[in-house]
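One structure below.
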């Protein structure tokens, strides 16, 4: 295994599976951003050939921690990207955000099997990533729970299972459905959304995730990004991808076939399940998970996505429908807006406002190469930062209400 983003939630969950099935895996490469202490701890435990640290400022401390271990250290973003080219059975792409794209493209260009948890790679550069995979005979296996569910339900997946007896095209499929929990504010009064704090937004009711993706779940931008990702992974039109809110998160995805059949995948809210399927595919890994207890749930509920409650989801739909650079702009603007919200520079409802502003003022460019994607991303981030700054400044100069109120 090569694990890109080993200190993040996907990386640590992957290593938990290695702990559960040590005889099945050999960790060859670990890559992290700046968490030197945890990366050093992981390296000494799993003994990879080499570790990569994107932050050059922290490399000296990592080298000191690993002195005498025989484990090689690579530093800097370019060096970490090159580590994705090392031949292994599976590359786990778990780096959050567009920062994960160079490593994904490098692995695909070498014909690797990539277990993809970095949805932003397909959101911002879907055409580029899929073309690279096809050109070099690489395989993309989905790690997001919803995409893994669709993958498990539908064997005829875009030619990526040539060695499996399956339909050769997607003509038998009518549509797919991804499910969403609805996040922590599914029942909250809309009038109070402007008062939502970062602490409230990162408390997901079902999943244990990082701060950024937890906020994306609260806004349902994550589900919008997953719709874009699904369009590329499964070669489907936007109209063929539905989303339903399903608070119990027992069903992760459904495939509707033209003959009236519907196949769904159920499981617990544990990311180790879809990760384990990607690691063991086409087999399954017995890692002793907690079983799904349907009786304790009592009922399974489904409801539509409310545009007033989740405007970010519909902005993502808009970006997918318009295509071109729009998904890349959407992703960049959202990353900036979420970071500003977590830093208390803008409010929760301002996230959608910032993203919408950037989609209305799309910077010029294309997404035909890594360099072009990065350039569009940079221009969109600048636009989003400017908008966040204006919102923050306007809020700081807002006069106090009379009678002691605010």
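The values are calculated or read from the model by the stated rules, or taken from the named source; none is laboratory data. If you're wondering where the values come from, they're calculated on a predicted model, not measured in any experiment. So basically every Cβ, Gly included, is an ideal-geometry build from the backbone, and we count neighbours across all protein chains shown.
Going residue by residue through the range 70-79, is there one that turns out to be under 23 Å from residue 287 (Cβ atoms), over 19 Å from the mean Cα position of the chain (by Cα) and crowded, with 16+ Cβ neighbours inside 10 Å? Within the range 70-79, not a single residue is under 23 Å from residue 287 (Cβ atoms), over 19 Å from the mean Cα position of the chain (by Cα) and crowded, with 16+ Cβ neighbours inside 10 Å. The condition of being within 21 Å of the chain's Cα centre (by Cα), part of a strand (DSSP E or B) and touching a residue at least 60 places away in the same chain (Cβ under 8 Å) holds for only one of 10, 3, that being 3. Can you say whether residue 63 is assigned by TED's automatic domain parsing to the domain that holds residue 27 and part of a loop (DSSP other than H, G, I, E, B), as far as the supplied structure shows? Judged against the criteria, residue 63 is not a match. Just one residue in the set 27, 31, 18 is assigned to a loop (DSSP other than H, G, I, E, B) and either under 17 Å from residue 115 (Cα atoms) or at pLDDT 95 or above (or both); that residue is 27. Of everything in the range 102-121 that's part of a helix (DSSP H, G or I), at pLDDT 95 or above and out of contact with any strand residue (DSSP E or B) (no Cβ under 7 Å at 6 or more places or on another chain), which residue is surrounded by the fewest Cβ atoms within 10 Å (Cβ to Cβ)? The qualifying residue surrounded by the fewest Cβ atoms within 10 Å (Cβ to Cβ) is 109.
Please verify whether the range 313-327 includes one or more residues that are closer than 15 Å to residue 98 by Cα, part of a helix (DSSP H, G or I) and either at pLDDT 95 or above or in contact with a helix residue (DSSP H, G or I) (Cβ under 8 Å, 6 or more places away or on another chain) (or both). Yes: the range 313-327 contains one or more residues that are closer than 15 Å to residue 98 by Cα, part of a helix (DSSP H, G or I) and either at pLDDT 95 or above or in contact with a helix residue (DSSP H, G or I) (Cβ under 8 Å, 6 or more places away or on another chain) (or both). Each residue in the range 305-341 was checked for being within 25 Å of residue 192 (Cβ to Cβ) and crowded, with 18+ Cβ neighbours inside 10 Å, and 16 pass.
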